[in-house]
Amino acid sequence: MKDIPVYLFTGFLEAGKTKFIQESLQDRRVNDGTRTLLLLCEEGIEELDPSLFASPNVYVETVENEEDLQPEPLQRMLDAHKCERVIVEYNGMWQLGTLYEKMPQSWVIAQEYLFCDANTFVSYNANMRQLVYDKLRSCELVVFNRCGEDIDRMELHKIVRAASRRTDIAYEKPDGSVEYDEIEDPLPFDLEAPVVDIADRDYALFYADLSESFRKYDGKTLRYKGMVVKSARLPEDSFIFGRQLMTCCVNDIQFTGLACTWPQAKTLAKGEWVVLTGQVSVRWHRAYGKKGPVLTVKHIEPCDPPEQPVATYY
């Protein structure tokens, strides 16, 4: 079955999604006649004007409720218009997981952009953090609209980077000009040090960076505080070492850690807090079922839990 590319635009009301879609479909380079299903999942203040589209081969369908996102109805919409691609204007109050889970099997996300009003984004993040994080963690680009000189770009930058270090950030000024984010994100620890010391407060950033580019840690010696997790499914010389991590809210707390090997692993107690020094090697381990960063333990010493046992982003 042929893959159907899906162009996904997310954001909250009055964030600029509709304006961007309207302008894109008026552009012949984008709307080149390809039969397109335009799926609208919310009724915004600004309405689309199909009469201005560069090609008439755009077929608008609406989904009024999150529970109406189901594979069969979505596929019927696509087939009814014989469309070759899908554009989705997604409701900011709906979880993205619903769409990911309910898309027809042949639908594949080609691009995902998040649009935000720079004047209200910080407030949205403070009051609806789970929904904001839900949209930030997987998008390729965040566009902050109405970004005047009085907007603290560093604050916006930090919120985005707490969810993803890969997402590009653009600031659209009130006059319509756009500037891309060039704020550097230096790690709060020295990866070139003989022993890379990771402070308790930096665990979340460390784990996020390692998860996204673990090969740059190959051969590095790390030292940090964490908890021992053991499993009967692992070899006797192995355990998992890490911390509980809260990305967004208490509902998403989960244990994150690395596979470790140490001949004396059986002497460790499950749930024990230790400061571990170990060297990373990228190799296959049963804990992952594939290649990943494995710590070969050099030294372990018992310790008290950190002041904040559950790691968080700043």
Open item on the list: For the stretch 191-217: of the residues being assigned to a loop (DSSP other than H, G, I, E, B) and under 20 Å from residue 166 (Cα atoms), which is nearest to the chain's Cα centre (by Cα)?
Closed with: 213
Open item on the list: Looking at residue 86 and the list (1) open to solvent by less than 40 Å² (accessible area, probe 1.4 Å); (2) in contact with a His (Cβ under 9 Å, 6 or more places away or on another chain), which single condition is not satisfied?
Closed with: (2)
Task: Residue satisfying condition, being farther than 25 Å from residue 116 by Cβ and open to solvent by less than 60 Å² (accessible area, probe 1.4 Å), within set 73, 56 - done: 73
Open item on the list: Just to be sure before I move on: is residue 229 touching a helix residue (DSSP H, G or I) at 6+ places or on another chain (Cβ under 9 Å) and either touching a residue at least 60 places away in the same chain (Cβ under 8 Å) or of a type in the set (A, V, I, L, M) (or both) in the structure I sent?
Closed with: no
Open item on the list: Can you find, within the stretch 219-231, the residue that is least open to solvent (accessible area, probe 1.4 Å) among those that are assigned to a loop (DSSP other than H, G, I, E, B) and over 11 Å from residue 293 (Cα atoms)?
Closed with: 231
Open item on the list: Among the residues of the stretch 35-54, what is the count of those that are farther than 23 Å from residue 12 by Cα and either in contact with a Ser or Thr (Cβ under 8 Å, 6 or more places away or on another chain) or part of a strand (DSSP E or B) (or both)?
Closed with: 1
Task: In the stretch 120-167, the residues that are within 12 Å of the chain's Cα centre (by Cα) and of a type in the set (Ser, Thr, Tyr) - done: 133, 138, 164, 167
Task: Residues within the stretch 232-258 that are surrounded by 18 or more Cβ atoms within 10 Å (Cβ to Cβ), assigned to a loop (DSSP other than H, G, I, E, B) and touching a residue at least 60 places away in the same chain (Cβ under 8 Å), tallied - done: 2
Task: Selection within the stretch 135-152 - open to solvent by 10 Å² or more (accessible area, probe 1.4 Å) and either farther than 23 Å from residue 109 by Cα or acidic (Asp, Glu) (or both) - done: 140, 145, 146, 148, 149, 150, 151, 152
- [ ] Mind counting the residues in the stretch 89-106 that are of a type in the set (D, E, K, R), outside any helix (DSSP H, G or I) and open to solvent by 20 Å² or more (accessible area, probe 1.4 Å)?
- [x] 0
TODO: Tally the residues that are open to solvent by 40 Å² or more (accessible area, probe 1.4 Å) and in contact (Cβ under 8 Å) with a residue 60 or more places away in the chain, restricting the search to the stretch 179-218.
DONE: 7
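The values are calculated or read from the model by the stated rules, or taken from the named source; none is laboratory data. All values derive from a computational prediction rather than experimental measurement. As a convention, Cβ positions derive from the backbone with ideal geometry for all residues, glycine included, and neighbour counts pool all protein chains shown. Surface accessibility is based on the protein's heavy atoms, side chains included, excluding ligands, DNA and RNA. Shrake-Rupley method; radii C 1.70, N 1.55, O 1.52, S 1.80 Å.
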